[in-house]
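Novice: Below is a structure I'd like to ask you about.
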Amino acid sequence: MKKKWLMLGGAVGISSIVMVTTGFSALASTSGYDAYKSALKNTKTVQNVAVQAAAALQDNGNVLASANGSFKVSLDSKTASGNADVLANGTQQSLSFYKQDNQTVLKSNASDVYFVKQEGDKKHKTEKKLKETEIPQQVETVIDALVGNLKDYVAVDTKTDGTKEIAIQLDNAQIPTVVNALAPIAIKEASKDEHDGEKQDASGQNAATPFNEDFLKNAAPQLTQDIKIEKVSIKASINADNYITHQEADLSVSGKDDSGAAHQVTLHLQADLSGYNHTTPDTVDLTGKTVQNLKPDHHGNHDNNE
């Protein structure tokens, strides 16, 4: 089964945060970079947090898809919960998820079936390794050196109450050449029609899929020619306790599809973080519910357990 439906919450929520923060850390000025890096490190120390996130995709000014989600994440108890709503091509779909008792539970609002995937030992070892691994000082030094003249485009506003507003906006001429050179490769790779070995039923549809991810993927135009990044805009808010409370990013990309039609694609992402160290994820009781188990090593195969 495609991994995208498992990553929906991340795409709208946590993964959005990672995308924005990672991109921003390479684009900030010395003062802005140091302030943001400090807040990012401090934010990583929290045990739990609540996230409200949203995303929107436009092509030539027309809204192709939009999404919003609400998530609760607890790093100390390794639990999480949330829900996401996605609208694309006039079709809306909703998905709820829970990470509890060493398993991930997913449910589409259009079905009464709860899909359950048990977490394997390999995943736990990987999570432990990632948690214990810190970015080496040498890597930070290299990133600092790569900032270069981009520091001239950042605006940092420190308020009297200790909060900070950080923003940067780059147009095509200001975006590093290497970034624009890699953009076409990344975009083409992301738009590939991959099935990841997923199992299909007799009708050719994806089996055991709690969320139909194809309708979202098909909403975006397939750019194949003259791809370039036109504009990048990023904003971040840091509170007086040095936690990130809000961040958003707008990415504008131009290009042509196979037919030669021109497209101006804009992606907007935003996330609001709150409830630091005061958030408890929700849980679901599967007793008496229709449950379909997903095998950890073969996502397309499944067992029924009602």
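Novice: Provide a single number: the residues in the range 59-72 that are aliphatic (A, V, I, L, M) and touching a Pro at 6+ places or on another chain (Cβ under 7 Å).
Specialist: 0
Novice: Okay, moving on. Open to solvent by less than 60 Å² (accessible area, probe 1.4 Å), at pLDDT below 90, among the aliphatic types (A, V, I, L, M) and assigned to a loop (DSSP other than H, G, I, E, B), is that true of A220?
Specialist: yes
Novice: Another one. Working carefully through the options V179, V253, V232, find the one that is under 30 Å from K37 (Cα atoms) and either modelled with pLDDT under 75 or in contact with a Cys (Cβ under 8 Å, 6 or more places away or on another chain) (or both).
Specialist: None of the other options fit; the residue is V179.
Novice: Restricting the range 260-286 to residues that are in a strand (DSSP E or B) and among the hydroxyl-bearing types (S, T, Y), which is surrounded by the most Cβ atoms within 10 Å (Cβ to Cβ)?
Specialist: Out of the qualifying residues, it is T266.
Novice: Considering only residues that are open to solvent by 30 Å² or more (accessible area, probe 1.4 Å), assigned to a strand (DSSP E or B) and not aliphatic (A, V, I, L, M), which ones fall in the range 58-93?
Specialist: Passing the criteria: Q58, N62, S66, N68, S70, K72, T79, N83, D85, T91, Q92, Q93.
Novice: For residues that are open to solvent by 40 Å² or more (accessible area, probe 1.4 Å) and within 21 Å of N68 (Cβ to Cβ), tally how many sit in the range 100-110.
Specialist: 2
Novice: Can you confirm whether A236 is crowded, with 19+ Cβ neighbours inside 10 Å, in contact with a strand residue (DSSP E or B) (Cβ under 6 Å, 6 or more places away or on another chain) and farther than 19 Å from K72 by Cβ?
Specialist: Yes.
Novice: Another question, if that's okay. Please identify the pairs in which a residue from the range 286-302 that is modelled with pLDDT of 85 or more has its Cβ atom under 7 Å from the Cβ atom of a residue that is open to solvent by less than 50 Å² (accessible area, probe 1.4 Å) and in a loop (DSSP other than H, G, I, E, B), counting only partners at least 6 apart or on another chain.
Specialist: Hits for this filter: Q292/A208.
Novice: For the range 71-80, indicate whether the set of residues that are within 30 Å of V253 (Cβ to Cβ), of a type outside the set (S, T, N, Q) and modelled with pLDDT of 90 or more is non-empty.
Specialist: yes
The values are calculated or read from the model by the stated rules, or taken from the named source; none is laboratory data. These numbers come from a predicted model, not from an experiment. Here Cβ is always computed from backbone atoms with ideal geometry, including for glycine, and neighbour counts include all displayed protein chains. To get the accessible areas, we keep the full protein, side chains included, count just its heavy atoms, and leave off ligands, DNA and RNA. Shrake-Rupley method; radii C 1.70, N 1.55, O 1.52, S 1.80 Å.
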